[in-house]
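Working notes for the structure below.
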Amino acid sequence: MDKKLIRIRFKDAVKEQQFEQDGYIVLKDFADAETVAKMLSIFHAHYEPPAEKMVCWNSAVNVDDTEKKHISSELLALLTPCLQRHIIAYREHFAYFLTKPAEKTATNLAIHRDASAVDESEHEYLIFWMPLVDITSDRGYLYFMPGSNKLFDYQLPIGVDWPYKYLNDDLQKYAVNLNLKAGDAAIFSGKTLHGSFANQSGEARPVVCCGLVNPATELLYYYYDRDRNNVDAYGVMPEFFLQGDFSDPADKYPLKMSFPYQPPRLTPRDVSDFYKKNWSLYKDKYGFLDRIKKKYLSFV
Ligand SMILES: O=C(O)CCC(=O)C(=O)O
């Protein structure tokens, strides 16, 4: 039996069970057309197409401090009633636009997990992701690897290369694309492997994101000390992640954890054994509808 982590809980028992199993859920029609239109107009008021190649333009990084806080509070005011409909109790992190710029700078975002932001032995950090335009194949589907949060659970500091790049081609075979319309949302564990295809539509592909934690969860900044090959995790306030200073935080925040950075070696065999063992849980996601996928999952 998996340990129950402290995280937000969904009001709908079916969604709860799906999240427990897959490490992500989809909430169709999360926001109505009027809310999406308001968010789009905030987006257009702040977005400047980047001059240089950029995988994702992020309002929490690519606009100045006052503007990013303003964007966050405007988005949260619109998101709050929708989030309250689905989630029992939560503390939102901050909200931001994540945008795949238009074609000339388009690129895919390879499969990865997000950096740790809580003590993952006890807590789970969830991410809210909602497109403001329909996601079609030319706009770059977001995809997930169901259940991968249970396999790739090594705590990942900010600013290190994804340590499992050598597995990318293998992992990609397990990806399930999400077919989302504007206003549909996905909520996923930061540990669930995900990525997205290039936006080749010639237009920006804006998405609204925010972090969601249980009110009892403390946020941590996982700092990677390259010289010591060590991770030091510091207790921080949510605002920390909007302030843009990710230099050595020693002496500024309380140290909560310290450990050598040694992600365990995983092989394609470990991944295929995981699905083999849990096939009864995941078979509906693969195989039946997609014969190609069945070919890849050699144990089926
Ligand atoms: O917005 C996207 O296409 C992907 C976002 C993502 O993978 C991330 O924020 O880690």
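The values are calculated or read from the model by the stated rules, or taken from the named source; none is laboratory data. Given the structure is predicted, the values throughout are model-derived calculations rather than measurements. Methodologically, a virtual Cβ is constructed for each residue, glycine included, from the backbone with ideal geometry; neighbour enumeration extends over all protein chains shown.
If you go through segment 84-97 and keep only what is out of contact with any helix residue (DSSP H, G or I) (no Cβ under 9 Å at 6 or more places or on another chain) and not in a loop (DSSP other than H, G, I, E, B), you end up with GLN84, ARG85, ILE87. For segment 181-203, the tally of residues that are within 12 Å of the ligand (Cβ to nearest atom) and either surrounded by fewer than 20 Cβ atoms within 10 Å (Cβ to Cβ) or more than 23 Å from SER72 (Cα to Cα) (or both) stands at 9. Collect the residues in segment 99-128 that are surrounded by fewer than 20 Cβ atoms within 10 Å (Cβ to Cβ), within 20 Å of TYR47 (Cβ to Cβ) and at pLDDT 95 or above, keeping them in residue-number order. If the condition is that a residue be surrounded by fewer than 20 Cβ atoms within 10 Å (Cβ to Cβ), within 20 Å of TYR47 (Cβ to Cβ) and at pLDDT 95 or above, then no residue fits.
Kindly indicate which of ASP227, ASP245, ASP169, ASP251 is free of Cβ contacts under 8 Å to residues at least 12 places away in the same chain and under 30 Å from ALA51 (Cβ atoms). Show your work before the answer.
Values: ASP227 fails: under 30 Å from ALA51 (Cβ atoms); ASP169 fails: under 30 Å from ALA51 (Cβ atoms); ASP251 fails: under 30 Å from ALA51 (Cβ atoms).
Sole residue among the options that is free of Cβ contacts under 8 Å to residues at least 12 places away in the same chain and under 30 Å from ALA51 (Cβ atoms): ASP245.
Each residue in segment 129-146 was checked for being surrounded by fewer than 21 Cβ atoms within 10 Å (Cβ to Cβ) and touching a helix residue (DSSP H, G or I) at 6+ places or on another chain (Cβ under 8 Å), and 1 pass. Here is the figure for segment 238-260: residues that are in a loop (DSSP other than H, G, I, E, B) and closer than 17 Å to ALA115 by Cβ total 8. When residues in segment 166-178 are screened for being at pLDDT 95 or above and either in a loop (DSSP other than H, G, I, E, B) or near the ligand (Cβ under 10 Å from one of its atoms) (or both), 1 of them pass. I'd like the full set of residues that are in a strand (DSSP E or B) and within 12 Å of the ligand (Cβ to nearest atom), limited to segment 105-164. Scanning segment 105-164 gives LEU109, ALA110, ILE111, HIS112, ILE127, PHE128, TRP129, MET130, PRO131, LEU142, TYR143, PHE144.
Looking only at segment 46-67, decide whether some residue is in a helix (DSSP H, G or I), of a type in the set (A, V, I, L, M, F, W, C) and over 20 Å from the mean Cα position of the chain (by Cα). The answer is no, given that none of the residues of segment 46-67 is in a helix (DSSP H, G or I), of a type in the set (A, V, I, L, M, F, W, C) and over 20 Å from the mean Cα position of the chain (by Cα).
Here is a yes/no grid of residues against (1) away from the ligand (no atom under 16 Å from the Cβ); (2) outside the structural domain of CYS210 (by TED's automatic domain parsing); (3) touching a Lys or Arg at 6+ places or on another chain (Cβ under 7 Å); (4) more than 26 Å from PRO146 (Cβ to Cβ):
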| residue | (1), (2), (3), (4) |
| --- | --- |
| GLU20 | yes, no, no, no |
| LYS38 | yes, no, no, yes |
| CYS56 | no, no, yes, no |
| THR80 | yes, no, no, yes |
| PHE97 | no, no, no, yes |
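Specify which of the listed residues (VAL36, VAL61) is modelled with pLDDT under 95, out of contact with any Pro (no Cβ under 7 Å at 6 or more places or on another chain) and surrounded by 10 or more Cβ atoms within 10 Å (Cβ to Cβ).
On the way: VAL36 fails: modelled with pLDDT under 95.
None of the others qualify; the one that does is VAL61.
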